[in-house]
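To start, the structure itself, in C-alpha cells.
The values are calculated or read from the model by the stated rules, or taken from the named source; none is laboratory data. The shown structure was predicted, so the numbers you read here are calculated from the model rather than taken from an experiment. Reconstructed Cβ throughout: ideal geometry from the backbone, glycine too, with neighbour counts over all protein chains shown.
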C-alpha cells in the first residue's frame, strides 16, 4: 500500500501514519494565547470575582482577568490555563453552591474583593443544566456580602447574544473602545468562516471521539460525543454534517452528560463514517485505533481511515465565545474536502 508520501507501508503502518498526519497538520492551538504577537500586553488582573465561562472569556478578550473565578474548568481548557497561571479558581458554578457554599464569602473576605460579576445565560450548560451561575445569588444574599463586606453584585446578560454581552462587559470594565474592536474582529472572523458553509448538506457522516489522558496514572480513555451536544449545535449543524456517534451505543448504554465511554472502536466498521474528528487528547484515540487495527484489520477499510479523513480539532463547549468563529473555520477547512 502506498502512502501519501510515496512510501510503501504495511496496512497497520498506514493507519498510524494517517492518524499522525491528521494530528500534526491540525494540532489544536491552546486558548486565546494562540494569536499573541511580540509586544503584546499581558492581561490586567482586577480585584473581582467572576462567575461564568463566557464572562471570563470576554473579559480576557478585553485584556482583563479576575482575581478569582468560577468556571467549568472540566469543559474549558483555557480556563484550566488561567487557573494555573493568573486567576484563583474556586470551583465550577455548581460546586460553589452545592458542594462548598462557604467558598464564595470566604474568598471575598480573604482577598478583600468588592465586586462580583455573574454571567446570566439562557442555557449556561446544556449537558449539566444544574451548573447555573445565577444559583449563587441566594448564597451571596444569605452571607450578607453587600451589607457586611460592601460588595457590589453585577449581572452580565448573554440572553441577547454575544455582541451585546461584550458591550456590557466593556462598560463594566471601562473598556468600551476595546469592546467595539473585539465585536468588529469577531464579526469579521465569523463572516469569513460562514463563507465556507455549509459543506455536506447532510450527506456526510461524522464520528467525534474525545480523548482523555490522566497524567497522574498514565491511563487514557476515549469517549464518543453523542448527537445533540455542543459539536452538533455549533459545528456540525452549521457545516451541514451529521453526527452518527450514537450508533456506537449498545443496548442498555445511556451515556453520561452527552458522552459515552467506549473500550472498543470496532463498531466503526459497521458504521463506516466519512470522517473521524478527534478532540481532547487525540493521542488517546490514536492509540485505541492502533490497538483495534491489530485485533481487526478491517478497521483500515473504514472510509474515514482509508481516505485519511481523521482530524485532530479543538472541541467547542460554548465557553470560548470570542474564539468561536476561528474554531468553526478550522472545522470547515479540515472537513471541506469530504
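Hey, could you check region 168-186 for residues that are closer than 18 Å to residue 117 by Cα and under 23 Å from the mean Cα position of the chain (by Cα) and say which is surrounded by the fewest Cβ atoms within 10 Å (Cβ to Cβ)?
So in region 168-186, the residues closer than 18 Å to residue 117 by Cα come out as 168-176, 179.
Cutting the leftovers down to under 23 Å from the mean Cα position of the chain (by Cα) gives us 169, 179.
Numbers: 169: 27, 179: 22.
The qualifying residue surrounded by the fewest Cβ atoms within 10 Å (Cβ to Cβ) is 179.
Tally up the residues in region 138-167 that are loosely packed, with under 12 Cβ neighbours inside 10 Å, under 27 Å from the mean Cα position of the chain (by Cα) and free of Cβ contacts under 8 Å to residues at least 12 places away in the same chain, please.
2
Okay, residues lined up against (1) at pLDDT 95 or above; (2) part of a loop (DSSP other than H, G, I, E, B); (3) within 28 Å of residue 279 (Cβ to Cβ):
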{"residue": "54", "(1), (2), (3)": "yes, no, yes"}
{"residue": "58", "(1), (2), (3)": "yes, no, yes"}
{"residue": "69", "(1), (2), (3)": "yes, no, yes"}
{"residue": "136", "(1), (2), (3)": "yes, no, no"}
{"residue": "141", "(1), (2), (3)": "no, no, no"}
{"residue": "154", "(1), (2), (3)": "yes, no, no"}
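In region 78-90, what count of residues is obtained for those that are surrounded by fewer than 18 Cβ atoms within 10 Å (Cβ to Cβ) and either under 17 Å from the mean Cα position of the chain (by Cα) or closer than 25 Å to residue 129 by Cβ (or both)? Break it down into steps so the answer makes sense when it comes.
First, pick out the residues of region 78-90 that are surrounded by fewer than 18 Cβ atoms within 10 Å (Cβ to Cβ): 80-81, 83-86, 88-89.
Adding the requirement that they be either under 17 Å from the mean Cα position of the chain (by Cα) or closer than 25 Å to residue 129 by Cβ (or both) leaves 80-81, 83, 89.
Number satisfying all stated conditions: 4.
Restricting to region 59-79, name every residue that is in contact with a strand residue (DSSP E or B) (Cβ under 9 Å, 6 or more places away or on another chain) and farther than 11 Å from residue 319 by Cβ. Spell out how you get there, then give the answer.
From region 59-79, those in contact with a strand residue (DSSP E or B) (Cβ under 9 Å, 6 or more places away or on another chain) are 59, 63-71, 73, 77, 79; that's our starting set.
Within region 59-79, 59, 63, 64, 65, 66, 67, 68, 69, 70 qualify.
Name, by its number, the condition in (1) at pLDDT 95 or above; (2) out of contact with any strand residue (DSSP E or B) (no Cβ under 6 Å at 6 or more places or on another chain) that does not hold for residue 210.
(2)
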